[in-house]
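The values are calculated or read from the model by the stated rules, or taken from the named source; none is laboratory data. Computed from a predicted model, the values in this text were never measured in an experiment. With ideal geometry, Cβ positions are generated from the backbone for all residues, glycine too; neighbour counts draw on all protein chains shown.
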């Protein structure tokens, strides 16, 4: 199992049900098949828009079921999730334990009265160039952690951290996991 890969969106077709008691994810509406999707052991499954429910590491899969390592990165108190959106990525697995990027991706913390939005994104060299004149400019392609919030003066604040510098991530315009707001692919 690799610590990270080079694709920010491996698969996201359909919806899923999650059983946190059995550490399984089952495909529901619109699933073609997990076995032909490109998913690998060690990939990260993000459940819910903005990681509303949490994250997990893939430990195995069949055509309709994904086994996950544990449920420690899910919102406390959940036992099941039904009909949720999701995506599978190859983001760094250690970022799941980083309190800066822990689910959910929108939260309120001490230094901002507005929601703070966090996420880990695969940023290729095309996206670095496209974002270079914006507040989301980053110094290097690779896996980047982003935190945004509105400060007490009403200004958008953007903090970024390159978690894994990479020469080139997958540059297909179809490989974005909703990061085009920060890092346009074209």
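Taking the options 95, 67, name whichever one is in contact (Cβ under 8 Å) with a residue 40 or more places away in the chain and part of a helix (DSSP H, G or I).
Values: 67 fails: part of a helix (DSSP H, G or I).
Criteria check complete, one pass: 95.
Test residue 149 against the criterion of being surrounded by 15 or more Cβ atoms within 10 Å (Cβ to Cβ), assigned to a loop (DSSP other than H, G, I, E, B) and not assigned by TED's automatic domain parsing to the domain that holds residue 73, and give yes or no.
no
Based on this model, can you work out whether residue 25 counts as part of a loop (DSSP other than H, G, I, E, B) and touching a residue at least 24 places away in the same chain (Cβ under 8 Å)?
So residue 25 does not fit the description; no.
Specify which of the listed residues (158, 164, 138) is modelled with pLDDT of 85 or more, surrounded by 18 or more Cβ atoms within 10 Å (Cβ to Cβ) and not in a loop (DSSP other than H, G, I, E, B).
On inspection, the qualifying residue turns out to be 164.
Just to be sure before I move on: is residue 114 assigned by TED's automatic domain parsing to the domain that holds residue 144, touching a residue at least 12 places away in the same chain (Cβ under 8 Å), surrounded by fewer than 16 Cβ atoms within 10 Å (Cβ to Cβ) and assigned to a loop (DSSP other than H, G, I, E, B) in the structure I sent?
Judged against the criteria, residue 114 is a match.
If you check residue 87 against the conditions, is it outside any loop (DSSP other than H, G, I, E, B), in the same structural domain as residue 27 (by TED's automatic domain parsing) and within 29 Å of residue 150 (Cβ to Cβ)?
When the stated conditions are applied, residue 87 passes them.
Based on this model, can you work out whether residue 8 counts as assigned to a loop (DSSP other than H, G, I, E, B), touching a residue at least 24 places away in the same chain (Cβ under 8 Å) and surrounded by 17 or more Cβ atoms within 10 Å (Cβ to Cβ)? Full working, then the answer.
Values: assigned to a loop (DSSP other than H, G, I, E, B): yes; touching a residue at least 24 places away in the same chain (Cβ under 8 Å): yes; surrounded by 17 or more Cβ atoms within 10 Å (Cβ to Cβ): yes.
When the stated conditions are applied, residue 8 passes them.
Any idea which residue in segment 22-49 is farthest from the chain's Cα centre (by Cα), counting only those that are buried (at least 22 other Cβ atoms within 10 Å of the Cβ) and farther than 14 Å from residue 62 by Cβ?
43
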